[in-house]
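What follows is one structure encoded as structure tokens, with my remarks underneath.
The values are calculated or read from the model by the stated rules, or taken from the named source; none is laboratory data. Every value quoted in this text rests on a predicted model; they were computed, and no experiment measured them. Neighbour counts are summed over all protein chains in view; Cβ atoms, including those assigned to glycine, are modelled from backbone coordinates with ideal geometry.
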Amino acid sequence: MKVKKLVSILLLAIFALILCGINNPAIAETNWPTRPVSIIVPFIPGGDSDFHARLHARFLETVLGQPFIIVNVAGAGGTIGATQVSVAAPDGYTVLFYQTGALFTNKLVESTDLDHNSFAIACIAMYDETNVIVAGADAGFVDAADFLERVRANPYRYSIATTIPGFSFYTVIRMQAAGNFRLNIVDVGGAGAMVPSLLGNHTALAANAYGVFRQHIENGTIIPIMTSAESRNPNFPDVPTMKEMGLEDAQAPRAGFFAFPLGTDPAILQRLADAVRIVHQNPEYARELRESFSMEPFFLDTPYVQEFLDDMWADMARFRDYLNQ
């Protein structure tokens, strides 16, 4: 995605949150929901997608007056759960919380035909630039410079935990292409399996959102190496970016979204989007997001979703050949 265009979209989203906080608009008029809503998370519990879905669900229940029940349907890098939603009845009571990283990577490696056009997407509810490469403390990596020196001198020697196919896999492939080195990529399943893999010395490295590893980074059992963000994150400012380390075009952001089956009433999409916007204005939501995953609230309303996701797809699609080597 072109940087100037992305910045414009990010500023638009921030401005919309501020403006809506001032005006405090009502949510779209429809009687939905009148009963509990199932949120399908296509990964095992304990990962970042699961965290974001559960955090939203708790606040959405307060806004909309009905329970939002998390259902984890893991498998095939998110494809099984996503497929389940794509073929569900478009009645508003089955909604997907998914993220572009996994959705687009699965399509690029041709494990699914699903993309953002396969769903009725209500809103973008997460924008994540916190992906990091980390190492187990016992692996002996000192810092990013030491990491790059060792992996370039020893192709395929060091194992890295990912989800294949999945965004962590894509992040590693994009990093390798930019840095001209090769790791031993290991599929350990979802994000929830990465910490045990590192702490058990089954893999030396892992790639995922900073929040997945945060507790163990703070106690010293996992070491952050570098982040794939455009610039350093103020919540963990000591971690350098890949770009700083000379890895140009290694940035790997992703967006999380709520999506319904195609054919769902647009009023339901807008009502959920309006409710998510209200959630993001809640200081308690922002605090929990920041303290748990070192992220800031990000909301993009229904009318702006298509162009935003089209651009993210175009950026990731440039790495199709690398993913399929």
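Show the residue pairs that are 6+ apart or on different chains and have beta-carbon atoms under 8 Å apart, the first residue being within region 53-78 and in a loop (DSSP other than H, G, I, E, B), the second being hydroxyl-bearing (Ser, Thr, Tyr) and surrounded by fewer than 18 Cβ atoms within 10 Å (Cβ to Cβ).
Every condition considered, the pairs that remain are Gln66/Thr34.
Only one of these conditions is not met by Val172: (1) farther than 20 Å from Gly256 by Cα; (2) free of Cβ contacts under 8 Å to residues at least 60 places away in the same chain; (3) among the hydrophobic types (A, V, I, L, M, F, W, C); (4) touching a Leu at 6+ places or on another chain (Cβ under 9 Å). Which number is it?
Only one criterion is unmet by Val172, namely (1).
What tally of residues in region 137-161 results from selecting those that are part of a helix (DSSP H, G or I) and not aromatic (Phe, Trp, Tyr)?
The qualifying residues number 12.
Going by the structure shown, is Ile217 out of contact with any Pro (no Cβ under 8 Å at 6 or more places or on another chain) and of a type outside the set (Ser, Thr, Tyr)?
no
Out of Val134, Val186, report the one residue that is touching a strand residue (DSSP E or B) at 6+ places or on another chain (Cβ under 9 Å), surrounded by fewer than 23 Cβ atoms within 10 Å (Cβ to Cβ), of a type in the set (A, V, I, L, M) and not in a helix (DSSP H, G or I).
Val186
Would you confirm whether any residue within region 100-123 is crowded, with 24+ Cβ neighbours inside 10 Å and without any contact (Cβ under 8 Å) to a residue 60 or more places away in the chain?
Checking region 100-123: at least one residue is crowded, with 24+ Cβ neighbours inside 10 Å and without any contact (Cβ under 8 Å) to a residue 60 or more places away in the chain.
Within region 207-251, count every residue that is in contact with a Gly (Cβ under 8 Å, 6 or more places away or on another chain) and under 14 Å from Ala139 (Cβ atoms).
The number of residues fulfilling the criteria is 3.
If Gln270 satisfies every condition in (1) of a type in the set (S, T, N, Q); (2) within 20 Å of His56 (Cβ to Cβ); (3) not assigned by TED's automatic domain parsing to the domain that holds Pro90 but one, which is the exception?
For Gln270, the exception is condition (3).
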